[in-house]
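The structure appears right after this line, and notes come after that.
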Amino acid sequence: MKLGARIIKTGIAITLALYLATLLKIPSPAFAGIAAIFAIQPTIYRSYLSVIEQVQANIIGAAFAILFGLIFGPHPFVIGLTVIIVIAINLKIKIENTIPVSIVTVIAILESPGEDFIEFSLIRFGTVLLGVLSAFIVNLIFIPPKYETKLYYRIVDNTEEIIKWIRINMRQVSEYSELKTDIEKIKDKMIKLDQLYLLYKEERAYFKQNIYAKSRKLVLFRQMLVTTNRSLDTLKKLHRLENELHHLPEDFKEILANELDYLIDFHERSLLKFIGKIKPQSTTDLIKEGQFNKQELVDTFMKFKGSCIDQECFYHLLPLIAVIIDYSEQLEHLDTLINSFHNYHKEENELQINELEENS
């Protein structure tokens with residue numbers, strides 16, 4: 001079992017919170033550890049936003065706990081009523097993610113008040129706040145997220161799996177049910193990949209030079225995702241039309257297979273060119289050689305219409321041709337962006353992709 005960075009950070013944040021609470025001789029340091037659990041975030045920027053919201057939630061929880069504690073006392077019914085009100089306020093001001101911290105603060109203050117209730121409440125408020133700040137410190141300095149590395153290699157992994165199935169499917173040796181199962185898995189992976197991209201997008205650059213470089217990388221990674229999604233669309237169409245493709249004329253099947261072989265080869269080369277593993281001009285030369293011929297593909301398809309007895313077959317195949325052409329256009333756009341990325345602002349565009357992280 002492999003432990004993720006967030007799991008490790010959570011453990012360290014709890015340890016730090018408990019250690020600082022003990023060092024400061026704060027009673028019931030466990031509340032600091034509990035608060036640290038809820039404050040761990042996947043990105044530094046999200047951690048910054050979380051601290052602001054957690055402090056607000058802590059203040060709300062403490063204010064109402066002190067108010068109701070002074071008026072009604074620490075009765076279990078009062079604690080429950082206070083929690084309901086605090087949750088409602090958090091929902092009203094749209095910081096529902098911080099509800100757990102508010103509840104911890106309420107319980108921490110009302111669970112066993114002493115004679116000096118105000119002083120006791122402020123100590124408990126500070127204890128919870130200490131846990132939140134401990135988590136922020138850990139988010140800030142420990143195991144910085146390497147989103148460029150993770151994003152690139154997960155795009156590569158998904159693309160390679162899609163390309164593998166396209167090659168197998170075009171040679172009509174794929175098992176229908178197995179491919180259907182794998183397509184569903186790939187779709188789930190693409191959803192997670194989009195979420196990872198959003199986390200990378202959230203991370204802020206703090207210098208003007210880095211801001212522009214980050215913007216260019218975002219455009220590139222977004223286009224990589226779009227292109228991989230188009231390859232998945234192509235695979236889904238090939239899978240759904242497997243029976244129709246089997247009955248196509250041999251010359252049309254050969255042209256279709258050749259064009260798809262070119263596109264997936266082009267796709268593989270583009271991803272390698274992005275990290276500098278092949279020469280920048282190598283994929284561009286493939287375009288100049290005209291190996292993907294849209295006109296020939298469309299002309300052959302229209303000839304197939306004239307000889308097609310079952311017109312329904314023609315209309316079923318029309319979306320496949322459209323998605324293949326769209327796939328080719330997205331690939332060419334990706335290649336253009338990669339060439340521009342490597343030819344201009346070379347110093348600013350330095351990629352933070354660690355080859356050692358390939359299988360992480």
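The values are calculated or read from the model by the stated rules, or taken from the named source; none is laboratory data. Just so it is clear, the structure is predicted and the values come from calculations on it, not from any experiment. Every residue, glycine among them, receives a Cβ derived from its backbone with ideal geometry; neighbour counts consider all protein chains shown. The protein model used for the area step is the full one, side chains on, heavy atoms only, and it has no ligands, DNA or RNA in it. Shrake-Rupley method; radii C 1.70, N 1.55, O 1.52, S 1.80 Å.
Remarks
- In terms of distances greater than 20 angstrom between alpha carbons, the cross-link table entries Lys150/Lys201; Lys146/Lys192; Lys9/Lys150; Lys164/Lys253; Lys146/Lys214; Lys92/Lys201 yield Lys92/Lys201.
- Annotation for Tyr212 and Glu329: the two label points, set 7 Å from Cα along the Cα-Cβ direction, are 3.1 nm apart.
- Of the GluC sites (Glu not before Pro) in the stretch 165-245, the ones in a loop by DSSP (not H, G, I, E or B) with at most 14 other beta carbons within 10 Å are Glu175.
- Extension gain, Phe142-Leu318: 0.36 nm per intervening residue step, less the Cα-Cα distance, totals 58.1 nm.
- Note on Arg171 and His75: the model spin-label points, each 7 Å out from Cα along the C-beta direction, lie 7.8 nm apart.
- Nearest-20 debye value, the stretch 106-191 charge dipole, Cβ charges on Lys, Arg, Asp, Glu: 700 debye
- The slack in the chain from Val226 to Asp265, taken as 0.36 nm per residue of separation less the alpha-carbon distance, amounts to 12.3 nm.
- The value for the stretch 116-263 of Rg(Cα) / (2.2 N^0.38 Å) is 1.64.
- Cleavage-rule hits, trypsin sites (Lys or Arg not before Pro), the stretch 139-202, DSSP coil, Cβ neighbours within 10 Å at most 11: Arg171
- Here is the list for the stretch 9-99: trypsin sites (Lys or Arg not before Pro) lying in DSSP coil, each with at most 10 other C-beta atoms within 10 angstrom of its C-beta, are Lys25, Lys94.
- Asn243-Glu184 FRET efficiency (beta carbon distance; Förster radius 22 Å; 0.05 resolution): 0.65
- Ile278 versus Ala5: modelled label distance in nm, points set 7 Å from Cα along the beta carbon direction: 3.0 nm
- The stretch 1-114: C-alpha gyration tensor shape, a/c 1.5 cut-off, then a/b vs b/c: oblate
- Nonpolar atom fraction for the stretch 15-54, defined as the carbon and sulfur part of the 1.4 Å probe accessible area, stands at 73 percent.
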